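Here's the structure we're looking at; comments come further down.
Nothing in this text is a laboratory measurement; each read-out follows from the coordinates by a stated rule. The model shown is predicted, which means the values in this text are computed figures rather than measured ones. For neighbour counting, all protein chains shown are included, and Cβ atoms are generated from backbone atoms with ideal geometry for every residue, glycine included.
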Amino acid sequence: MFTVYRIVDAERLFKNAGNIYKAEDLLDNLMRSSRNSAVGAHYLSDFINTENVKVKIGLIEDEIKKDFEVDAMKALGLKIEAVGIKTFILPEKITEKVFERMKAERNVLSEKYRSSGKSGAKTMRDDADNKRKSTIAKAETKAKLIRGEGDEFAAKYYSAFRENPELAIFLRKLDSLNRIKPEKLTLILNTDKSPFDVMIGTEDTYKWKP
C-alpha cells in the first residue's frame with residue numbers, strides 16, 4: 001500500500017518521532033494495522049471479481065484511511081490525504097482457488113451468453129417460420145380463389161364449345177397460329193395441315209351456332 005500525507009504540525013512530528021524517517025515508520029505501522037483490520041472484514045470477492053461492479057477496493061481504501069488518519073494526526077501531526085492499494089498478493093494455494101473460481105464464473109457467464117444466443121436464434125427462426133407459413137397460406141388461399149374463378153370462367157366456355165365443337169377447333173387453330181410469330185421468319189408449309197388449313201378455308205369450312 002501507499003499513503004499520501006501532509007505535515008501540519010512539525011513540532012509534534014519531531015517531538016514524538018525525532019525525524020521524518022522514524023515518523024514514516026510509525027505511520028507505516030498505523031497503516032498496516034488499519035489495513036489488516038479492513039481487509040479482514042471483507043470477502044475475497046470484494047478484491048478480485050470477474051464483474052468489476054462488485055469490486056470494492058475504493059471503498060476498502062477509504063475505510064483504511066478513516067481508521068488511522070485520526071491517530072496519525074494525534075501522534076505525528078500528519079494529515080492523511082489518500083491511501084491506495086498497489087498490489088494484492090495471495091498465497092499460491094489461495095491463488096489457484098481464486099483462478100478456479102474466476103474460471104468457473106466465466107464459464108457460467110459464457111454458458112449464459114450461449115444460451116441467450118441460442119434462445120434468440122430460435123425465436124428468430126420461429127418468427128421467420130411463422131411468417132413463411134402465413135405467407136404460404138395466404139398465397140394458397142389466393143391461388144384457390146384464382147383457380148376457382150378460372151374454373152368458373154372456363155366452364156362457361158366449355159359449355160359453349162360443347163354446343164359448337166367446330167368453333168372450339170377453329171379457335172384452337174387460331175391460338176396456335178398466334179403463337180408462331182418470330183420476326184423475319186419465312187415458313188414454307190403445306191396449308192393442308194392443321195392449323196394452317198384455316199388460312200385457306202371457305203365460309204362453309206367452319207360453322208358454329210351464333
Between the DSSP loop rule and a limit of at most 13 other Cβ atoms within 10 Å, which trypsin sites (Lys or Arg not before Pro) in the stretch 63-128 are left? K86
Rounded to one decimal in nm, the spacing of the 7 Å Cα→Cβ label points at F99 and E152 is 8.0
With only alpha-carbon atoms in the gyration tensor, what are the semi-axes of the equivalent ellipsoid for the stretch 1-69, in Å, largest first? 31, 11, 9
Filter the GluC sites (Glu not before Pro) in the stretch 1-87 down to the DSSP loop ones having no more than 10 other Cβ atoms within 10 Å, then list what survives. E51
Quick one: what are the phi-derived ³J(HN,Hα) couplings along the stretch 113-124, Karplus 6.51/-1.76/1.60 with θ = phi - 60°, whole Hz, x for glycine and proline? 5, 5, 4, 5, x, 5, 5, x, 5, 5, 4, 5
May I ask you to compute the full-extension gain from I89 to K138, defined as 0.36 nm times their residue separation minus their alpha-carbon distance, rounded to one decimal in nm? 10.8 nm
Scoring only Lys, Arg, Asp and Glu (+1, +1, -1, -1) among other residues with Cβ under 14 Å from the Cβ of I146 yields 0
Residue-wise, which Karplus ³J(HN,Hα) couplings in Hz belong to the stretch 32-43, taking 6.51 cos²θ - 1.76 cosθ + 1.60, θ = phi - 60°, and x for glycine or proline? 5, 4, 5, 4, 4, 5, 5, 4, x, 8, 10, 7
Can you tell me the relative contact order of the stretch 2-89? Whole percent, Cα pairs under 8 Å, sequence separation 6 or more. 50
Could you quote the convex hull projected area for the stretch 1-135, Cα atoms only and averaged over all directions, in nm²? 12.1
